[in-house]
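Here the structure is laid out as structure tokens; the discussion comes afterwards.
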Amino acid sequence: MHFLYNLAILFAQFSLKIIAFFSPKMKLFVDGRKDVFTILKNKISPKDQTIWFHAASLGEYEQGLPVIEKIKVTYPTHKIIVTFFSPSGYEVRKNNTVADITVYLPLDTPKNAKLFLKLVHPDLAFFIKYEFWINYLDQLHKQNIPTYLISGIFRKKQLFFKWYGRFYRKALDTFTYFFVQNENSRKLIIELGKTNVSVSGDTRFDRVATILEKDNTLDFIAQFKDNKTTIVIGSSWPKDEALLVEYINSCALDVKFIIAPHNIKPEQIQQLQSSINKQIVLFSEKENKDLSQYEVFIIDTIGLLTKIYSYADIAYVGGGFGNPGVHNLLEPATFGIPIIIGPNYTHFDEAINLVNIEGCLSINNTTELQQAFSKLIQDPDIRQKTGEICYSFVQKNKGATNNILAQITHKRD
């Protein structure tokens with residue numbers, strides 16, 4: 001089975017080089033890996049002490065960030081190495097300040113795994129949430145490098161729990177410890193005969209809780225808001241926007257709308273802009289304009305959404321009409337904002353819980369969307385109560401990072 005796995009990786013390596021000629025994203029994926037070993041050779045000496053974190057993409061990086069920051073403080077003489085698998089993570093966070101070195105993870109061949117670990121020689125290795133690369137895990141195990149899964153999630157449908165998943169189950173034997181998000185994940189791991197597991201919680205709660213301690217001021221958003229009720233639409237997709245645009249165009253209330261689409265390609269921004277019949281301003285065209293005179297603000301850039309949520313009275317989080325489902329609810333929740341989402345959210349525990357405790361409203365169609373917005377806009381008491389549920393939910397679920405650090409430092413002591 002290992003032979004077939006390696007053969008599949010080699011085939012993927014060859015295929016991706018061809019696909020890269022036609023796909024800008026895949027070109028980043030391929031080209032970004034060309035100089036990884038050179039970078040590592042130049043920036044890490046044999047005498048350096050290092051700790052390695054691997055994140056599949058941006059979401060996993062953000063999830064692991066509280067642990068990375070704590071580890072950096074706990075082990076100040078170690079260099080922090082962060083690797084990404086996906087361009088959507090690396091390209092956004094390649095210039096982060098928490099890691100000493102940030103690179104793509106070379107594809108999971110035996111040769112790459114051996115060379116990577118030879119150059120990095122980490123004292124500790126962390127995989128965030130998932131991504132189980134067989135050859136890297138095998139080499140970590142052979143070299144007796146403590147390896148941890150943090151904020152792990154396991155579901156019955158994963159390969160580990162299938163009758164034909166023995167090969168992947170074996171990969172789990174390489175982990176020193178599993179820090180999982182919930183009791184169901186712990187039970188599934190125990191069913192495989194493993195006791196090196198505990199429910200630490202979800203480190204994302206720690207990350208979003210710290211957002212409140214930062215300066216979230218955006219003067220241009222304050223000018224646009226002009227002290228009026230403001231709905232922030234974050235990470236929207238076309239299916240979300242089809243419903244939202246219908247509501248925006250028909251809304252007669254004195255409400256402002258800020259839209260931060262998931263995809264900011266110019267043609268999609270243009271299409272969104274042309275579908276709205278109210279006064280619109282784009283972020284890219286905001287200079288020298290009195291933003292208070294506009295009704296809709298389209299954010300055609302990335303990196304501002306978290307701060308923008310701090311100005312929201314109501315948040316709509318997109319993705320809930322597609323797969324795998326809704327985007328990050330915790331960022332608006334930490335600001336104590338009531339949230340509206342589409343129907344596809346059952347893949348995410350925090351969404352399920354927020355819907356169950358009525359901090360988040362799930363809608364299926366335009367009528368339900370209109371009813372949800374109207375209720376929250378016209379009744380400030382309901383809006384405040386719903387927002388407080390969201391804020392309390394984040395505060396009550398903090399602590400995963402400290403749980404993880406306590407276990408790791410205890411074992412090393």
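Observations on the structure shown:
- Debye intensity ratio I(q)/I(0), log10, the range 55-206, q values 0.09, 0.12, 0.15 Å⁻¹ (C-alpha model): -0.28, -0.50, -0.80
- Close amide H pairs (under 5 Å, H built 1.01 Å from N) link residue 340 with 315, 316, 317, 361, residues at least 5 positions away or on another chain.
- Kirkwood hydrodynamic radius over Cα pairs of the range 1-128, then Stokes diffusion coefficient at 25 °C and 0.890 mPa s, in µm²/s: 160 µm²/s
- Here the range 232-300 and the range 179-196 have alpha carbon centers that stand 44 Å from each other.
- Estimated translational D of the chain in µm²/s (Stokes, Kirkwood radius over Cα pairs; 37 °C; 0.692 mPa s): 142 µm²/s
- Computed on the range 158-297, the Cα convex hull volume stands at 202 Å³ per residue.
- Our note on the geometry: Cα centres of the range 54-68 and the range 113-131, 15 Å apart.
- Range in the chain, longest, excluding exposed GluC sites (Glu not before Pro) [loop by DSSP; at most 13 other beta-carbon atoms within 10 Å]: 1-212
- Top positive-direction residue, dipole computed over the range 42-112 with Cβ charges, set 57, 78, 46: 46
- Pairwise Cα distances in the range 243-326 exceed 16 Å in 56 percent of cases.
- Protein accessible area in the range 1-153, 1.4 Å probe - carbon and sulfur %: 61 percent
- In a simple Cβ point-charge model (Lys, Arg +1; Asp, Glu -1; nothing else charged), the chain has a dipole of about 2000 debye relative to its Cα centre.
- Span from the the range 351-378 Cα centroid across to the the range 316-331 one, whole angstrom: 13 Å
- Helix content alone sets the calculated 222 nm mean residue ellipticity of the chain: runs of n ≥ 4 DSSP H residues at -39500 (n - 2.57) each, divided across all residues, give -14000 deg cm²/dmol.
- Dipole magnitude for the range 189-271: about 120 debye, using +1 per Lys or Arg Cβ and -1 per Asp or Glu Cβ, origin at the Cα centre.
- Summed over the residues of the chain and divided among them, the accessible surface reaches 47 Å² per residue at a probe radius of 1.4 Å.
- The range 192-243: equivalent-ellipsoid semi-axes (sqrt of 5 x gyration tensor eigenvalues, Cα, Å): 37, 20, 7
The values are calculated or read from the model by the stated rules, or taken from the named source; none is laboratory data. In this text, all values refer to a predicted model and were calculated from it rather than measured experimentally. Note that we place each Cβ from the backbone using ideal geometry, even for glycine, and neighbour counts take in every protein chain shown. SASA here: full protein model, heavy atoms, side chains in, ligands and nucleic acids out. Shrake-Rupley method; radii C 1.70, N 1.55, O 1.52, S 1.80 Å.
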